[in-house]
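Engineer: I am attaching a structure below and will ask some questions about it afterwards.
Every number here is computed from the coordinates shown, using simple stated rules; none is lab data. Everything numeric here is computed off the predicted structure, so don't read it as measured data. Don't worry about glycine lacking a Cβ; one is built from the backbone with ideal geometry, like all the others, and counts go over all protein chains shown.
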Amino acid sequence: MQIHETEITGIAAFLGVSEHDFVRDFTRIRVNRTGLSLKDKDGTTECIMLEGDRCRIHEVKPRQCRGFPNTWNFPGW
């Protein structure tokens, strides 16, 4: 899944940062190079937005996160 432009706008505003800074600091280019996804924390597979057991951007989390874990583990869910 990827983060869409409208989601970038909303998340950046929620975090109080510019869209440019959000993209630079919190996203990465997807493996297939067709868009952006949230980064993992350095050296882990944990989402950069996870703080303890809570999502830092829960109120505005992108589509790529809303279906977790079902849409990640069960194709066709």
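Engineer: So how much slack lies between Thr44 and Glu59, counting 0.36 nm per residue of separation and subtracting their Cα-Cα distance, in nm?
Structural biologist: 3.0 nm is the gain from fully extending Thr44 to Glu59.
Engineer: Quick one: compute a quarter of the convex hull surface over the Cα atoms of the chain and quote it in nm². Don't skip to the answer; put the middle values down first.
Structural biologist: Values: hull surface 22.4 nm².
Result: a mean projected hull area of 5.6 nm².
Engineer: Also: Go ahead and estimate [θ] at 222 nm for the chain from helices alone: -39,500 (n - 2.57) per DSSP H run with n ≥ 4, summed, over the residue count, rounded to 500.
Structural biologist: So the helix-based figure for the chain works out to -8500 deg cm²/dmol.
Engineer: While we're here: Using a simple charge model, +1 on the beta-carbon of Lys and Arg, -1 on the beta-carbon of Asp and Glu, nothing else, what dipole does the chain show about its Cα centre, in debye to the nearest 20?
Structural biologist: Value, rounded to 20: 260 debye.
Engineer: Around Ser18, with a cut-off of 12 angstrom between Cβ atoms, what is the net charge of the other residues, counting Lys and Arg +1 and Asp and Glu -1?
Structural biologist: -2
Engineer: Next question. Choose one of Cys47, Val31, Gln64: the residue whose Cα lies farthest towards the positive end of the charge dipole of the chain (beta-carbon charges +1 Lys, Arg; -1 Asp, Glu; about the Cα centre).
Structural biologist: Of the listed residues, the answer is Val31.
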